[in-house]
Amino acid sequence: MVSRRGFLAGSAAAAASGAAGIAVGAAGASIAAEQNLDTFAAGRSADFYGKNQPGIELEIQAVTNMVALDIKDSVTKADMLRWMRLLTDDISRLMRGEPVLADPAPELAVGPARFTAYVGFGPSLFAKLGLESELPTGFEELPAFDVDRLEERYSGGDVLIHIAADDPIVLAHGTRGLVRDSMPFASVRWVQPGFAHSPGMIPAGLTHRNLMGQVDGTANPELGSSDFDSVVWIDEGPEWIRGGTLLVFRRIAMQLDTWDQLGTPSKEEVIGRKLSNGAPLTGENETDIPDLGARHPNGLLVIPEFAHIRRAAPEAEGERIFRRPFSYDNGMNEQGSMDVGLLWTAYQRDISKQYLPIQRRLDQLDLLNKWTVPIGSGVYAIARGAGESELVAEALFS
């Protein structure tokens with residue numbers, strides 16, 4: 001017969017044992033969770049196959065390389081198909097976290113890390129290969145703007161491969177593979193690296209900030225929405241572009257030495273938004289619609305005539321774009337002046353109707369032009385996505 005004291009002692013021991021088990025279990029779960037947290041970025045991936053090429057309708061990744069190439073004089077449409085076969089296989093493997101075929105450093109394929117790459121073509125490629133009949137509507141070289149100070153080393157190119165990932169090692173490894181397999185067909189015209197926030201720094205869906213401290217991309221159409229489709233994806237014209245889009249690329253240098261001398265109120269008037277949360281000067285939240293007619297008691301416009309968001313606001317239906325800017329930082333000189341700015345990308349169906357009207361207004365009167373200077377530029381037609389038995393841009397070159 002068990003005494004009351006023995007029963008209580010046994011119960012206490014069992015409780016202690018149970019508590020220890022729970023503690024060990026909790027510690028094990030905590031370690032497992034921590035290990036998963038350590039490598040969460042490595043396991044995330046995007047889909048390669050689909051109606052659209054990857055890396056556009058996606059939350060922005062941490063790092064990017066934009067690679068422009070010029071085709072060799074001897075390259076034909078048949079050669080382009082062979083090149084696209086290599087790129088299709090390479091990109092699909094890298095997006096699964098796998099090495100490319102004959103990879104000299106397969107150990108660097110440590111995970112997908114949301115690696116993506118898409119392929120686009122400049123107007124010069126169509127001229128070189130006699131493909132003018134395949135040009136999409138509204139796709140042509142940009143006119144000269146008064147604000148431009150363009151440099152050849154940052155501009156143009158027959159072919160663009162825009163690569164991005166959430167890890168710089170994954171990005172570098174993938175870039176090497178794609179460029180290596182491109183060398184029989186083309187030479188590198190330029191490579192421009194950029195970055196955004198690292199994974200986990202800001203919640204998904206929040207707008208990233210550029211190096212001026214501004215939120216950049218507030219008025220973008222929502223990812224996955226019909227609004228996004230109507231702004232970005234082309235659904236008419238040549239078959240190869242249906243499901244594709246048109247890209248305007250601008251490398252924009254920032255004059256931070258003088259920008260940093262402005263106070264917060266002055267910076268906010270230049271942009272037309274609050275630096276704290278990106279809300280328009282007439283609102284409280286970033287997504288509030290700017291009231292461009294609002295005035296102070298003294299009669300002055302709350303959002304000044306020269307403010308960036310006023311000049312960029314659409315004046316006609318359809319004057320909208322999807323912006324996806326990465327920052328760049330090339331260090332500083334001996335005087336402490338920084339070489340920084342944006343790799344600014346804008347996607348749309350028709351450059352002539354969407355980007356150009358906006359840029360012309362910004363060119364005419366935008367006080368932000370005092371601190372931002374376009375030094376690189378290019379336009380590229382991004383082919384539609386590939387099905388599982390297709391090559392990227394197969395319909396263009398076959």
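May I ask you to list the residues in the stretch 313-330 that are open to solvent by 30 Å² or more (accessible area, probe 1.4 Å) and either of a type in the set (D, E, K, R) or modelled with pLDDT of 95 or more (or both)?
Residues satisfying the conditions are E315, E317, R320, R323, D329, N330.
Can you report the number of residues in the stretch 258-274 which are open to solvent by less than 50 Å² (accessible area, probe 1.4 Å) and either at pLDDT below 95 or part of a helix (DSSP H, G or I) (or both)?
Adding up the residues that qualify gives 5.
Report the residue count in the stretch 273-311 for those that are out of contact with any Ser or Thr (no Cβ under 9 Å at 6 or more places or on another chain) and on the phi > 0 side of the Ramachandran plot.
1
Are any of the residues in the stretch 133-152 within 15 Å of M84 (Cβ to Cβ), surrounded by 14 or more Cβ atoms within 10 Å (Cβ to Cβ), in contact with a strand residue (DSSP E or B) (Cβ under 9 Å, 6 or more places away or on another chain) and not acidic (D, E)?
no
Does V110 satisfy the condition of being exposed (fewer than 15 other Cβ atoms within 10 Å of the Cβ), in contact with a helix residue (DSSP H, G or I) (Cβ under 9 Å, 6 or more places away or on another chain), of a type in the set (V, I, T) and in a loop (DSSP other than H, G, I, E, B)? Spell out how you get there, then give the answer.
Working: exposed (fewer than 15 other Cβ atoms within 10 Å of the Cβ): yes; in contact with a helix residue (DSSP H, G or I) (Cβ under 9 Å, 6 or more places away or on another chain): yes; of a type in the set (V, I, T): yes; in a loop (DSSP other than H, G, I, E, B): yes.
In short, yes.
So which pairs qualify, if the first residue must be in the stretch 182-205 and assigned to a loop (DSSP other than H, G, I, E, B), the second must be open to solvent by 40 Å² or more (accessible area, probe 1.4 Å), the Cβ gap must be under 7 Å, and the two must be at least 6 apart or on different chains?
Every condition considered, the pairs that remain are F185/K72; A204/E59.
Quick one: which residue in R384, R310 is over 17 Å from R251 (Cβ atoms) and not in a loop (DSSP other than H, G, I, E, B)? If you could, list the steps in order and put the result at the bottom.
Values: R384 fails: not in a loop (DSSP other than H, G, I, E, B).
Among R384, R310, only R310 is over 17 Å from R251 (Cβ atoms) and not in a loop (DSSP other than H, G, I, E, B).
Within the stretch 119-126, is there a residue that is open to solvent by 10 Å² or more (accessible area, probe 1.4 Å) and either part of a helix (DSSP H, G or I) or free of Cβ contacts under 8 Å to residues at least 40 places away in the same chain (or both)?
Yes; the residues of the stretch 119-126 include at least one that is open to solvent by 10 Å² or more (accessible area, probe 1.4 Å) and either part of a helix (DSSP H, G or I) or free of Cβ contacts under 8 Å to residues at least 40 places away in the same chain (or both).
Find the residue count for the stretch 218-242, including only residues that are part of a helix (DSSP H, G or I) and of a type in the set (D, E, K, R).
3
For the stretch 153-193, name all the residues that are aliphatic (A, V, I, L, M), buried (at least 16 other Cβ atoms within 10 Å of the Cβ) and closer than 26 Å to D79 by Cβ.
Within the stretch 153-193, V159, L160, I161, I163, L178, V179, A186 qualify.
Output the number of the condition that T64 fails; it satisfies all remaining conditions of (1) open to solvent by less than 10 Å² (accessible area, probe 1.4 Å); (2) touching a helix residue (DSSP H, G or I) at 6+ places or on another chain (Cβ under 6 Å); (3) among the β-branched types (V, I, T).
(2)
All but one of (1) of a type in the set (S, T, N, Q); (2) modelled with pLDDT of 95 or more; (3) out of contact with any Ser or Thr (no Cβ under 8 Å at 6 or more places or on another chain) hold for Q255; which doesn't?
(3)
Considering only the stretch 351-374, how many residues are open to solvent by 20 Å² or more (accessible area, probe 1.4 Å), not in a helix (DSSP H, G or I) and not polar (S, T, N, Q)?
Summing the residues that are open to solvent by 20 Å² or more (accessible area, probe 1.4 Å), not in a helix (DSSP H, G or I) and not polar (S, T, N, Q) in the stretch 351-374 gives 3.
The values are calculated or read from the model by the stated rules, or taken from the named source; none is laboratory data. Quick caveat: nothing in here was measured; it's all calculated off a predicted structure. Cβ sites come from the backbone with ideal geometry, for glycine too, and all protein chains shown count toward neighbours. Ligands, DNA and RNA are excluded from the accessible area calculation, which covers all protein heavy atoms including side chains. Shrake-Rupley method; radii C 1.70, N 1.55, O 1.52, S 1.80 Å.
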